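So the structure is just underneath, and the comments pick up after that.
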Amino acid sequence: MPTLNTTAQLLSHWCAQQLQTLFSTPCQIMPHPLRVEASHREFYRLEDAISGRSWVAMSSPPTLENNQQFVALAELFHGLGTPKLLAADQINGFFLMEDLGSDHLYDAYRRVSADQTALADVLNLALDALKPLQELADPQIPPYTEDRLNMEFDLCAEWFARSLMSIPLSANDQNTLAAARTTLVEAMLEQPQVCVHRDYHCRNLLLTGDPDNPRVGMVDFQDALIGPALYDAASLLQDCYAVHDDAVIATALHRFALRNEMLAGKAQEQITWWHDACAIQRRIKAVGIFARLHLRDGKSSHLHYIPSVLARTSALAAAHDATEMLSPLLGEWAERAATNSLLTGNDAS
């Protein structure tokens, strides 16, 4: 096992103390780093060599992450598929949680890749799990404001185009981006507003419980806001980390809308536009975040997703008159990204 850094060692020691207090029995825990996050947080699976039980530990720098909100939402979302918070040290940013396992939706997609019916079942299970989340209304959950949505959209031009790729933006490019941003944000704000997870995708969702009757577990929920009703559905169906056929997406989206009281009376064209607007804005934000992770935080783990995400977003923008003008610009960026060795993993150095 790789040598743990000082923070991880302190976290592991703190967790051992908490487990001793919680269960009144000795624990011999072995920490195993989990995948790199698109944030400052670090996660470890703690396995007890004595009992065979496991937990998840999180190190979340208190100066960089809103840990107070994480604790508040962990309590608020308890029973909705999120891991139970067992212990917290907000001063040091240490957290001990229930382990939901390691069977992510991404793994399930790979298992059923040749069976579209089975894939639809997985997607529908995840979409159905949104219902109790969307019914939450609590003053501890802040709104997804117009300013935040605009700022997120601008991350792509700032961090990907200018900073990472050194792509000059002409006056026409800037006008195109500004017009598209206005159109997308208007579509997002005119939707019914509900509690949204905001990172409801295959790397943050897990299948838990009985394999014959699984439930959906969700992690990375601490950035939840009150926002567009189709946002989480778009995060799932138009995932940055997984690609689904258009027919599969359309069928799942139609089913989701019919089963959602706030959306059931809307025309399918309206539902599709709202969903796609969320997907376009979210993917553009994601590309900016992936570039920022590399440039600012020294994490290159998400760079290789950029070419595909841009290409798919260009195609999605082209499908609507309201965003058609954005498609050529995103397509050009996608082509540049696809020939950049840093983003494709073909760097020979």
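The values are calculated or read from the model by the stated rules, or taken from the named source; none is laboratory data. Here the structure is a predicted model, which means the values were calculated and not measured. Neighbour counts run over all protein chains shown; Cβ positions are idealised from the backbone, glycine included.
Only one of (1) within 14 Å of V219 (Cα to Cα); (2) loosely packed, with under 12 Cβ neighbours inside 10 Å; (3) touching a strand residue (DSSP E or B) at 6+ places or on another chain (Cβ under 9 Å); (4) not charged (D, E, K, R) is not met by Q28, so which one is it? Only one criterion is unmet by Q28, namely (1). Among residues of segment 289-316 that are closer than 15 Å to W159 by Cα and in contact (Cβ under 8 Å) with a residue 60 or more places away in the chain, those with a Cβ under 6 angstrom from a residue that is of a type in the set (G, A, S) and part of a helix (DSSP H, G or I), sequence gap 6+ or separate chain, pair up as L295/S163; I306/A337.
Within segment 187-214, the set of residues being out of contact with any Asp or Glu (no Cβ under 9 Å at 6 or more places or on another chain), among the charged types (D, E, K, R) and modelled with pLDDT of 95 or more comprises E190 only.
Residues in segment 44-81 that are over 27 Å from P26 (Cα atoms) and in a loop (DSSP other than H, G, I, E, B): P61, P62, T63, L64, E65, N66, F77, H78, G79, L80, G81. Remark: A187 matches the filter, which requires a residue to be part of a helix (DSSP H, G or I) and surrounded by fewer than 24 Cβ atoms within 10 Å (Cβ to Cβ).
Closer than 27 Å to N150 by Cα, touching a strand residue (DSSP E or B) at 6+ places or on another chain (Cβ under 8 Å) and not in a loop (DSSP other than H, G, I, E, B), is that true of G288? Against the criterion (closer than 27 Å to N150 by Cα, touching a strand residue (DSSP E or B) at 6+ places or on another chain (Cβ under 8 Å) and not in a loop (DSSP other than H, G, I, E, B)), G288 does not qualify. Of the numbered criteria (1) in a helix (DSSP H, G or I); (2) over 24 Å from L316 (Cβ atoms); (3) of a type in the set (G, A, S), the one A180 fails is (2). Residues of segment 193-215 include none that is part of a helix (DSSP H, G or I), assigned by TED's automatic domain parsing to the domain that holds R336, among the hydroxyl-bearing types (S, T, Y) and over 18 Å from D276 (Cα atoms).
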